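Peer 1: Provided herewith is a single structure, encoded as structure tokens, for subsequent inquiry.
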């Protein structure tokens with residue numbers, strides 16, 4: 001140290017000038033104590049670490065880490081020095097000292113390893129203690145690229161245990177739910193059987209298989225918690241309706257919760273068409289239900305006169321009482337958090353019994369990921385489409401050929417068909433998206449004078465949006481311009497053409513969901529992906545995948561490869577997003593081993609399970625009762 005002084009340049013600060021024989025450097029401290037100033041006396045030798053920047057006195061470091069050196073020797077550390085993410089008020093040195101204390105404690109007393117020996121681990125992974133010591137003090141020769149990529153065996157040891165703990169926590173949640181009592185729903189009066197006989201079509205083998213799973217669950221005295229997973233248009237709704245018929249036939253009630261008013265109304269129309277001939281009334285409860293209709297519906301629900309109810313999140317508001325709610329059906333699981341599902345489930349808790357739960361999702365999730373992220377649910381998969389569905393032809397078209405696309409819309413509308421034009425603006429405000437949709441609608445209305453054009457975007461009031469969608473469903477609108485608000489559940493069999501503008505900006509899952517809005521009738525349908533060059537490598541790969549396959553499970557697998565699990569899991573990701581070491585995409589190869597070890601622990605070492613889950617996931621209440 002050449003000089004240490006207190007300076008007043010706008011604010012009080014401590015400046016220390018240091019030299020190593022090759023040049024000078026200033027150490028600048030805005031927060032310092034008198035003892036720190038004394039320790040930085042002239043002639044003291046330091047080893048400093050920090051970010052070098054150019055300041056008013058030349059090169060400087062602000063609040064660097066430093067160590068005073070005594071004696072002639074200046075040995076470097078035997079291991080690499082860790083840099084930890086900090087919490088306000090805990091400096092790097094203090095945190096390192098605390099962790100060092102914990103590591104000393106670890107050396108003195110063995111950290112309980114809840115895994116039963118090396119056989120429970122993938123080959124080549126160290127013990128928990130070895131992994132922790134290595135990661136906090138990597139040797140100088142450590143493979144830095146491997147550590148940076150999260151692929152070092154020590155990191156994978158922790159990732160394996162963390163994934164295992166989350167998996168076990170979900171298994172415990174499932175076990176806890178299964179310890180509750182539910183209403184057994186036998187098909188005594190045969191309403192479920194009459195429901196199936198009255199359908200104007202036969203269930204596919206996959207639908208029949210899923211329904212058999214559901215019926216088996218419903219006859220038990222423990223609550224069903226089942227995920228019904230299937231691609232767009234595979235016929236999940238009719239399986240859910242058959243389950244509702246089972247509940248109604250047993251003298252109980254079923255409630256279906258949809259994510260939007262539009263989708264709730266669509267389900268209500270489908271259910272009403274199926275149930276009315278059987279003498280069953282279906283009630284609709286959503287934010288848009290008129291007050292008088294709502295009052296009479298609430299009375300009928302409370303008395304048990306109405307046994308099948310469709311609605312939005314309005315279903316779990318105060319003031320809604322069910323006589324005997326035995327089945328809760330949730331559509332589009334990743335649009336609802338666990339808490340919303342719980343609230344509706346709580347509506348049915350009577351006489352010490354809880355409702356059965358059937359959760360539907362149109363987001364196909366690869367099996368390995370589903371078994372980990374949904375380990376608390378039983379899973380049924382509908383993996384075939386009903387007969388008569390014509391595959392949607394997907395074409396990728398560059399922006400300069402827009403005129404040809406507009407001509408194609410004119411041709412479809414002249415033939416009596418309808419079309420969508422989706423214009424997403426990603427990472428922009430709702431206002432800009434609305435503006436883009438309005439401008440596109442104006443341009444297309446001008447280019448297509450004989451076509452009735454409608455518009456739907458996120459900033460429109462709900463009633464106006466629904467009015468436009470209903471007009472489109474009724475055929476009064478031929479071309480619907482929309483932002484991505486149409487991706488969930490809209491059913492217009494006469495719509496045979498979809499144009500997705502700026503298609504390169506959307507993810508695979510979203511493109512696939514949007515494409516599923518056409519091809520819902522028997523006519524040949526097309527989806528045009530209009531893109532602007534230049535394309536990034538990722539965008540090019542996405543458009544290639546969506547053009548080459550219409551298999552939702554294959555698309556989900558490729559989406560997982562390209563982007564990771566966030567989009568696929570939606571709100572379910574919020575639990576798994578708390579992963580501290582593991583990464584579901586990077587560590588996907590560990591998942592089969594995680595599932596095997598989980599079965600081993602649950603079967604042979606049940607006393608280890610809760611402790612291991614608590615170590616990573618938290619207190620029991622976080623995983624015990626949040627079905």
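Peer 1: Does the stretch 189-208 contain at least one residue that is closer than 27 Å to residue 372 by Cβ and either surrounded by fewer than 20 Cβ atoms within 10 Å (Cβ to Cβ) or modelled with pLDDT of 90 or more (or both)?
Peer 2: Yes, the stretch 189-208 has at least one match.
Peer 1: With the structure loaded, tell me whether residue 86 is farther than 30 Å from residue 608 by Cα, without any contact (Cβ under 8 Å) to a residue 60 or more places away in the chain and surrounded by 10 or more Cβ atoms within 10 Å (Cβ to Cβ) or whether it fails that test.
Peer 2: Spelling it out, residue 86 is indeed farther than 30 Å from residue 608 by Cα, without any contact (Cβ under 8 Å) to a residue 60 or more places away in the chain and surrounded by 10 or more Cβ atoms within 10 Å (Cβ to Cβ).
Peer 1: Restricting attention to the stretch 333-344, does a residue exist that is surrounded by 19 or more Cβ atoms within 10 Å (Cβ to Cβ), modelled with pLDDT under 70 and more than 23 Å from residue 235 (Cα to Cα)?
Peer 2: Within the stretch 333-344, one or more residues are surrounded by 19 or more Cβ atoms within 10 Å (Cβ to Cβ), modelled with pLDDT under 70 and more than 23 Å from residue 235 (Cα to Cα).
Peer 1: Among the strands (runs of 3 or more DSSP E) contained in the stretch 1-61, which hold 3 or more residues that are closer than 25 Å to residue 88 by Cα, over 52 Å from the mean Cα position of the chain (by Cα) and in contact (Cβ under 8 Å) with a residue 24 or more places away in the chain?
Peer 2: Answer list for the stretch 1-61: none.
Peer 1: How many of the residues making up the stretch 581-596 are surrounded by fewer than 18 Cβ atoms within 10 Å (Cβ to Cβ) and not in a helix (DSSP H, G or I)?
Peer 2: Residues in the stretch 581-596 being surrounded by fewer than 18 Cβ atoms within 10 Å (Cβ to Cβ) and not in a helix (DSSP H, G or I): 3 in total.
Peer 1: Residues in the stretch 264-274 that are over 23 Å from residue 346 (Cα atoms) and either under 22 Å from the mean Cα position of the chain (by Cα) or outside the structural domain of residue 362 (by TED's automatic domain parsing) (or both): how many?
Peer 2: Looking only at that region, the number is 0.
Peer 1: Return yes or no: is residue 68 part of a strand (DSSP E or B), more than 24 Å from residue 582 (Cα to Cα) and touching a helix residue (DSSP H, G or I) at 6+ places or on another chain (Cβ under 9 Å)?
Peer 2: It is true that residue 68 is part of a strand (DSSP E or B), more than 24 Å from residue 582 (Cα to Cα) and touching a helix residue (DSSP H, G or I) at 6+ places or on another chain (Cβ under 9 Å).
Peer 1: Here's another thing I want to ask about it. Got at least one residue in the stretch 281-295 being assigned to a helix (DSSP H, G or I) and either within 16 Å of residue 248 (Cβ to Cβ) or at pLDDT 95 or above (or both)?
Peer 2: no
Peer 1: Could you please give the count of residues in the stretch 131-146 that are touching a helix residue (DSSP H, G or I) at 6+ places or on another chain (Cβ under 7 Å) and closer than 19 Å to residue 587 by Cβ?
Peer 2: Within the stretch 131-146, residues that are touching a helix residue (DSSP H, G or I) at 6+ places or on another chain (Cβ under 7 Å) and closer than 19 Å to residue 587 by Cβ number 4.
Peer 1: Would you pick out the residues in the stretch 107-127 that are out of contact with any helix residue (DSSP H, G or I) (no Cβ under 8 Å at 6 or more places or on another chain), at pLDDT below 85 and more than 27 Å from residue 75 (Cβ to Cβ)?
Peer 2: Matches in the stretch 107-127: 109, 117, 118, 119.
Peer 1: Mind listing whichever residues of the stretch 391-407 are in a strand (DSSP E or B), at pLDDT 95 or above and buried (at least 16 other Cβ atoms within 10 Å of the Cβ)?
Peer 2: Selection gives 394, 396, 397.
Peer 1: Here's something else I'd like to know. Which residue out of 130, 161, 216 is modelled with pLDDT of 90 or more, part of a helix (DSSP H, G or I) and more than 28 Å from residue 613 (Cα to Cα)?
Peer 2: The conditions single out 216.
Peer 1: Counting only residues that are modelled with pLDDT under 90 and part of a loop (DSSP other than H, G, I, E, B), which one in the stretch 451-473 is nearest to the chain's Cα centre (by Cα)?
Peer 2: Result: 458.
Peer 1: Checking residue 150 against (1) outside any helix (DSSP H, G or I); (2) assigned by TED's automatic domain parsing to the domain that holds residue 370, which test does it fail?
Peer 2: The one condition residue 150 does not meet is (2).
Peer 1: Take the residues in the stretch 510-545 that are under 27 Å from the mean Cα position of the chain (by Cα) and assigned to a loop (DSSP other than H, G, I, E, B), then tell me which one is farthest from residue 423 (Cα to Cα).
Peer 2: 520
Peer 1: OK, next. Restricting attention to the stretch 546-556, report how many residues are free of Cβ contacts under 8 Å to residues at least 12 places away in the same chain and closer than 22 Å to residue 423 by Cβ.
Peer 2: 0
Peer 1: Can you name the residue in the stretch 71-102 that is part of a loop (DSSP other than H, G, I, E, B) and in contact with a strand residue (DSSP E or B) (Cβ under 8 Å, 6 or more places away or on another chain) and is also farthest from residue 137 (Cα to Cα) among such residues?
Peer 2: 74
Peer 1: Would you confirm, using the coordinates I've provided, whether residue 185 is in contact with a helix residue (DSSP H, G or I) (Cβ under 8 Å, 6 or more places away or on another chain), closer than 21 Å to residue 328 by Cα and in a loop (DSSP other than H, G, I, E, B)?
Peer 2: Considered against the rule, which asks whether it is in contact with a helix residue (DSSP H, G or I) (Cβ under 8 Å, 6 or more places away or on another chain), closer than 21 Å to residue 328 by Cα and in a loop (DSSP other than H, G, I, E, B), residue 185 comes out as yes.
The values are calculated or read from the model by the stated rules, or taken from the named source; none is laboratory data. These numbers come from a predicted model, not from an experiment. Backbone-built Cβ (ideal geometry, glycine too); neighbour counts: all protein chains shown.
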